[in-house]
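Take a look at the structure below.
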Amino acid sequence: MCRDAQNGECVGKLKDGNYAITSVDVNRQGTRALTSSMDNTLRVWDISTRKSLNDAKPLLSINAGPINAWKSRFVSRKGDGDDVPADLIASSTDSGMVKLWSLEDGSAVRELNTSRPNFMYALAVSPDGTKIACAGAGSHVYVFDTEAGMLLCTFSGHSDNVRSVSFSADSSLLVTASDDKQIQLHDVRHGSPVTTLLGHHGWVLTAEMHPSGAYIASGSVDTKVKIWDVAQRACVETHSQHSQAVWGVAWQRSSDD
């Protein structure tokens, strides 16, 4: 379902199949949507116009294979003449891998292997497209070089499953949220931890850094949304309007972000 960001009204529904949708992403230009489904299919949609959304058919459908399309993200990067296309799709799997697909024809491009057969249900692509982070069952977080396919660093500061990974706007920091009730901030340039934020009283399901890098928003099974000041390493706001677990948070972004 597509909604107007200003008033929340539904402007169209995208439908192709009868299985649950597990992931949605939108490209930077706001013209394409990417969905993952329990039918193991990745679909790319044209959302550039509202007039035809209800009748829209996917521009591209990729059969990713069993449990290979749980979470998916657009990967936009500058092509430099190598064998990796400039525009890709990344999808997480239940076998400790992230698969890369061509956005042009849906062909398989590369596999990023963590060497641990765990369900990867958290996935993020850095804004500059050069890094991909994944995590899930188990306490480890993995960061890969998109172009080379190499593992850049592994973070092991959590003590339980990692539910969410998110990059800062400048692609230098990674925020992770875990069932251990912790939010952790990592420096991906040097592969080192920065800080741990404590305050939620249940699994932390989601965390995302503000485009300015000054704040982090988080949501938890404790029903709270918290705002953290990165410089102070402290919670500065707690919102208690929800009555159930908070699975997602997002910051409003300007058209220049």
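Just so it is clear, none of the values below were taken in a lab; they were calculated from the coordinates. Since the model is a prediction, treat every value here as computed from it, not as a measurement. Every residue, glycine among them, receives a Cβ derived from its backbone with ideal geometry; neighbour counts consider all protein chains shown.
Quick look at the numbers
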| read-out | value |
| --- | --- |
| Spin-label model distance (nm) - residue 24 vs residue 108, 7 Å beyond Cα toward Cβ | 3.0 nm |
| Potential extension, residue 48-residue 240 segment - 0.36 nm per residue separation minus Cα distance | 65.6 nm |
| Estimated inter-spin distance, residue 151 and residue 9, nm [label 7 Å along Cα→Cβ] | 5.1 nm |
| Coordinate range along principal axes, alpha carbons of the range 139-257, Å, largest first | 44, 36, 24 |
| The range 1-31 and the range 87-135: distance between their alpha carbon centers, rounded to Å | 22 Å |
| Within straight-line cross-link reach of residue 15, aspartates and glutamates at Cα separation under 14 Å, skipping those fewer than 8 residues along the same chain | 39, 46, 55 |
| Proportion of all alpha-carbon pairs of the range 122-208 beyond 18 Å (%) | 33 percent |
| Residue 231 versus residue 172: modelled label distance in nm, points set 7 Å from Cα along the beta carbon direction | 1.5 nm |
